[in-house]
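The values are calculated or read from the model by the stated rules, or taken from the named source; none is laboratory data. For clarity, every value in this text was computed on a predicted model and none was experimentally measured. As a convention, Cβ positions derive from the backbone with ideal geometry for all residues, glycine included, and neighbour counts pool all protein chains shown. With ligands, DNA and RNA removed, areas are computed over all heavy atoms of the protein, side chains included. Shrake-Rupley method; radii C 1.70, N 1.55, O 1.52, S 1.80 Å.
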Amino acid sequence: MAKNLYEILGVPKTASEDEIKKAYRKKVVAYHPDKFAGASEKEKKDAEAKCKEINHAYEVLSNPQKRSNYDQFGSEDGPQGFGGASGEGGGFGGFEDILSSFFGGNFGGKKNPNAPRQGEDIHVKINLTFEEAYSGTSKALRLNREEVCATCGGSGAKDAQSIKVCQYCRGTGVVQKTQQSIFGQQVVQTVCSNCGGKGKVIEEKCATCRGNGYSRKEASVKINIPAGVDNGVTMTVRNEGHCGRNGGARGNLVIAVGVAQSPKFRRVGNDLYYDLSIGFYDATCGGEILIETMKGEAKCKIPESTQSGTKIRLKGYGMKVLQKEMYGDLYVIVKVETPKGLSNKQIKLLKEFEDSLSDSQYPQIKKSKKTGRFGK
Ligand SMILES: [Zn+2]
Ligand SMILES: [Zn+2]
């Protein structure tokens, strides 16, 4: 029966631990039950037997004590008849462990519960006025934040003497069970249910945090909002979230920014748009008009013969560009307003004026002459 364990894994007797592990993984993948889903019963049985063999070979050769016994005495248990302490609990790197390391950890997903973990992020929304977004502002945010318990320093225990090594797993955080599976008898490692994998238990809990190691506290965090933020932007302030576990870093503070609309300006990127209504006279003769901008009043030059829809650019009167010493532009969109409710006298004057115009003074209308001008 006794097939050489090294041959089963296809490694030389001098193979290192690493080489053995690699060879084992390769073999296990080759005989994995998934590969034989559509195979005949006999093929499945053979693959299963092969898997058992591989698994046993690895169990022995991956354990320095067992391997040395095997090398010396041809048996993992040492010299025959020498008290067969096979020591099921002593094996390391169980089958499940290896599988989970390359199948994405679905075999129990062991995460070290004692490892430092980053705290959770805190999400808040702040609403700014248009002016605040333009010039930037600072806000004091009140947060209900998890903080490391000051009484126990995060251990959750009343004092150091209350932290005891878990008796179930003897401090390792894992327990090993023998299980029947498709591969035959398997030694399976599971997280110790007594200590949740921590390897230690708390006999008397900290009264302040009731054993959690952290508690919620009101915190006021001042944040600076840079000039130029736009509606819908998300800002992340690092290390202002909930406290970490086991000494891990804090989470982040994630701020969703809302900016109110301006009654005067439309924002497009860093540019602003402003609608300006002017009369027929100003549109025709041109001039300077004072308009409101985010920087205060500014002169807007209206050229002669300005048409409705003309876009006039005021350079640098737009929004501040985030994180840059630059501003967008302000575009003034001119609308020529036609007067309402004219008196007979006004209409007469207008008619007189209209009749006095030559076609060359109305180049656009001249182009569409077909429809002709109509009027009273
Ligand atoms: Zn505490
Ligand atoms: Zn335990």
When segment 154-174 is checked residue by residue, the ones that are in a loop (DSSP other than H, G, I, E, B) and either open to solvent by 70 Å² or more (accessible area, probe 1.4 Å) or more than 12 Å from ligand 1 (Cβ to nearest atom) (or both) are LYS158, CYS166, GLN167, TYR168, CYS169, ARG170, GLY171, THR172, GLY173
Quick count over segment 1-21, residues being open to solvent by 60 Å² or more (accessible area, probe 1.4 Å) and either over 23 Å from SER75 (Cα atoms) or among the hydroxyl-bearing types (Ser, Thr, Tyr) (or both), is 1
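Yes/no per residue for (1) buried (at least 16 other Cβ atoms within 10 Å of the Cβ); (2) more than 30 Å from VAL175 (Cα to Cα); (3) not polar (S, T, N, Q):
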site	(1), (2), (3)
LYS198	yes, no, yes
LYS205	yes, no, yes
CYS209	yes, no, yes
SER220	no, yes, no
ASN231	no, yes, no
GLY248	no, no, yes
GLY251	yes, yes, yes
GLN261	no, yes, no
VAL268	no, yes, yes
Out of (1) open to solvent by 40 Å² or more (accessible area, probe 1.4 Å); (2) within 16 Å of ligand 2 (Cβ to nearest atom); (3) more than 30 Å from ASN144 (Cβ to Cβ), the one SER181 does not meet is (2)
Over segment 279-305, the set of residues within 51 Å of the chain's Cα centre (by Cα) and open to solvent by less than 60 Å² (accessible area, probe 1.4 Å) is ILE289, ILE291, THR293, MET294, GLY296, ALA298, CYS300, ILE302
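Residues that are under 30 Å from GLY258 (Cα atoms) and at pLDDT 75 or above: which helices (runs of 4 or more DSSP H) entirely in segment 58-138 hold 1 or more of them?
Details: elements: 64-73, 95-102, 130-135.
The helices (runs of 4 or more DSSP H) meeting that bar are 130-135.
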Would you be able to say whether some residue in segment 122-145 is within 16 Å of ligand 1 (Cβ to nearest atom) and open to solvent by less than 40 Å² (accessible area, probe 1.4 Å)? yes
Contact list, first residue from segment 328-356 and touching a residue at least 60 places away in the same chain (Cβ under 8 Å) and of a type in the set (Val, Ile, Thr), second anywhere and open to solvent by less than 80 Å² (accessible area, probe 1.4 Å) and in a loop (DSSP other than H, G, I, E, B), beta-carbon distance below 9 Å, six or more apart or interchain, is ILE333/GLY309; ILE333/THR310
Among strands (runs of 3 or more DSSP E) entirely within segment 183-237, at least 2 residues that are within 16 Å of ligand 1 (Cβ to nearest atom) and not aromatic (Phe, Trp, Tyr) occur in 200-202, 214-225
Condition set surrounded by fewer than 17 Cβ atoms within 10 Å (Cβ to Cβ) and of a type in the set (A, V, I, L, M, F, W, C), scope segment 37-58, selection nearest to PHE183 (Cα to Cα): answer is ALA49
Consider LYS198 carefully, then state whether it is touching a strand residue (DSSP E or B) at 6+ places or on another chain (Cβ under 7 Å) and within 16 Å of ligand 2 (Cβ to nearest atom).
-> no
